[in-house]
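Let me begin by presenting the structure, written as structure tokens, before commenting on it.
The values are calculated or read from the model by the stated rules, or taken from the named source; none is laboratory data. The structure displayed is predicted, hence computed values, not measured ones. Cβ sites come from the backbone with ideal geometry, for glycine too, and all protein chains shown count toward neighbours. Keep in mind that these areas ignore ligands, DNA and RNA; they rest on the heavy atoms of the full protein, side chains included. Shrake-Rupley method; radii C 1.70, N 1.55, O 1.52, S 1.80 Å.
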Amino acid sequence: KYAEFDKESSKWKLNSKEELIDRQRDSEHTKKQIKLAEIGKKRGYKIWCPKPDTGKSVKLKELSISGNFPINGFSKTLVDLIDVLWIKDGKIKYAFEVENSTTITSALERCSPLSSDETKKIIVLPSQRKAKLASKMKIPFFKKWWDDEKWKRIWYEDLDKITGTDIDKIMQ
């Protein structure tokens, strides 16, 4: 976890600080995906998480639908890369984008093929990114896109306390 064996020198080599920070972020990202998947599963939804993410966590893989993307009409889009989808009756009801270090705009891009009338869209962010989100909201194009698509947000710290019914309150 903190080091790798260097075959050339036959010694263990500590990973760089950046690598450790990235791994820690990945771990936190996965924890948030698991929390969202557990809530959705308890509420009767089928859960989709992208293949690269389910490969990082046995728990996330157990909670998620396996196989090919289960919804028709979204082939070759970014929808199958959305961090957590709650699916019921063959429709995507909730789309959650958990953003640690990627751009906030990329979350909106991945969800753009989804109808905001059918799918509730939520971005989940660490509170350290409050200033970044606030600065994005000052850009008229971004703010309009956010509002038109009816995006909501949850801070990481709040997600840890959320239950299924709290998600409904956030979406109102």
With n ≥ 4 as the cut-off for DSSP H runs, can you work out [θ] at 222 nm for the chain, using -39500 (n - 2.57) per run divided by the number of residues, rounded to the nearest 500? -12000 deg cm²/dmol
Would you mind working out the accessible area per residue for the chain, using a 1.4 Å probe, and quoting it in Å²? 60
If you rank PHE141, PHE69, PHE96, PHE5 by how much accessible surface each has, with a 1.4 Å probe, what is the order from largest down? PHE141, PHE5, PHE69, PHE96
Could you work out which residue, out of ILE47, ILE162, ILE104, moves most in a Gaussian network model of the chain, that is, has the largest mean-square fluctuation with Cα springs under 10 Å? ILE162
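How large is the convex hull of the C-alpha atoms of the range 56-129 per residue, in Å³? Mind dumping the intermediate values first?
Details: hull volume 8.4 nm³, N = 74.
Expressed per residue, the convex hull around the Cα atoms of the range 56-129 is 114 Å³.
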Mind giving me the nanometre distance, one decimal, between the label points for LYS150 and LYS13, set 7 Å out from Cα along Cα→Cβ? 5.2
Placed amide H near TRP155: partners under 5 Å, 5+ positions off or other chain: LEU125
Isotropic mean projected area of the C-alpha convex hull, the chain (nm²): 11.9
Under a 1.4 angstrom probe, counting protein chains only, how are GLU8, GLU38, GLU109 ranked by accessible area, largest first? GLU8, GLU109, GLU38
Helix 17-42 sits at what angle to the longest principal axis of the chain, using alpha carbons and giving 0 to 90 degrees rounded to 10? 40
For the chain, give the percent of accessible area contributed by carbon and sulfur heavy atoms, probe 1.4 Å, rounded to a whole number. 51
Over the heavy atoms of LYS61, what accessible area does a 1.4 Å probe trace out, to the nearest 10 Å²? 130
Of the listed links LYS61/LYS161; LYS11/LYS59; LYS32/LYS93; LYS32/LYS91; LYS11/LYS31; LYS130/LYS169, those spanning more than 27 angstrom between alpha carbons are LYS11/LYS59; LYS11/LYS31
